[in-house]
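Okay, structure first, notes after.
The values are calculated or read from the model by the stated rules, or taken from the named source; none is laboratory data. Model, not experiment: these values are computed from the prediction. Virtual Cβ from ideal backbone geometry, glycine too; neighbours counted across all protein chains shown. Ligands, DNA and RNA are excluded from the accessible area calculation, which covers all protein heavy atoms including side chains. Shrake-Rupley method; radii C 1.70, N 1.55, O 1.52, S 1.80 Å.
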Amino acid sequence: MSDVVPIRLACLDLAGTTVGDIAMVERAFAEAIATQGIVPGTGAYARAMVHVHRSRGCPKIDVFRGIFPDNEAQAQAANLTFERSYEGALERAGLVPMPGVVEVLDKLRGSGLRLALVTGFSRTTLSRILSVLGWDDKIDLAISPEDAGGRGRPWPDMILHSVLRLGIEDVRQVAVIGDSESDMLSGRRAGASIVAGVMTGVHSRERLLKGGATHILDTIADFPSLVLSADVTTHHIGTPGR
């Protein structure tokens with residue numbers, strides 16, 4: 001007998017999943033490490049940007065701690081520069097939602113799901129993003145690592161924090177969507193029934209599957225049909241999907 005679990009909560013990533021700001025994020029990282037003496041054209045810069053790419057979805061301060069492992073002050077300084085650079089870019093250029101994402105949010109909420117945006121940005125940067133997007137009436141929660149006790153992805157804490165805050169009864173009632181391996185790891189560790197990797201971001205299909213994706217989607221526009229389908233069961237876990 002199959003164990004049918006209706007999805008009650010969708011946890012959605014920001015950069016690369018619901019908004020298309022990957023270039024802005026990359027530039028902010030480059031500017032941040034440059035202020036700490038790691039400049040383009042050097043081997044150190046190339047290694048640092050490989051680390052940035054590999055660590056996408058993780059808390060930004062943790063990314064900088066990986067680049068400057070023996071110097072917390074340097075990591076904090078780089079993180080502060082990152083936040084200022086990214087927020088400056090937000091003010092100049094705004095944010096472009098992924099195609100169809102507003103319709104996705106409306107369809108999910110209209111079907112009775114609770115929605116949480118989950119991100120590796122700091123609370124300060126997240127607040128700025130939310131003010132630019134104007135999605136207050138489309139989501140229930142927006143969670144940064146600080147909101148969940150300081151541990152971001154690949155830990156499951158932000159998803160579990162959303163479960164607790166929104167009164168979800170069972171972690172299997174959660175669907176996660178993101179574009180990075182850390183998104184997938186976080187969703188699997190939280191016990192979500194659906195952990196969907198979307199191909200509009202930074203990591204390849206192989207990386208998403210390595211992280212534990214249960215489904216691979218071309219765009220976030222495919223997410224509602226997956227989440228709202230009548231045949232979602234716990235047996236989907238471990239299958240690559242479509």
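Can you work out the accessible area per residue across region 21-93, with the rest of the protein chains kept in place, probe 1.4 Å, in square angstrom?
Values: 3500 Å² over 73 residues.
Value returned for region 21-93: 48 Å² of accessible area per residue.
Here the chain exposes an accessible surface that is 53 percent carbon and sulfur, computed with a 1.4 Å probe and the other protein chains kept in place. Of all beta bridges that DSSP places with both ends in the chain, some 10 percent have antiparallel geometry.
In a reduced charge model with +1 at each Lys and Arg Cβ and -1 at each Asp and Glu Cβ, region 21-93 shows a dipole moment near 200 debye about its Cα centre.
Model label points for Ile216 and Arg84, set 7 angstrom from Cα along the Cα-to-Cβ axis, are 4.2 nm apart. Extending 7 Å from the Cα toward the beta-carbon at both Arg205 and Ala93 defines two label points whose distance is 2.9 nm. The share of Cα pairs per 10 Å bin across the chain, counted from zero up to the longest distance, runs 8, 34, 37, 17, 5, 0, 0 percent.
Where the only charges are on Cβ atoms (+1 Lys, Arg; -1 Asp, Glu), what is the dipole of the chain about its Cα centre, to the nearest 20 debye?
Dipole magnitude for the chain comes out near 340 debye.
Modelled this way, with points 7 Å down the Cα-to-C-beta line, the labels at Leu164 and Ser127 are 2.2 nm from one another. Here's the picture: charge each Lys and Arg Cβ at +1 and each Asp and Glu Cβ at -1 in the chain, and of Leu126, Gly110, Gly41 the one pushed furthest to the positive end of that dipole is Gly41.
Note on region 31-161: with charges restricted to the Cβ of Lys and Arg (+1) and Asp and Glu (-1), its dipole about the Cα centre is near 320 debye.
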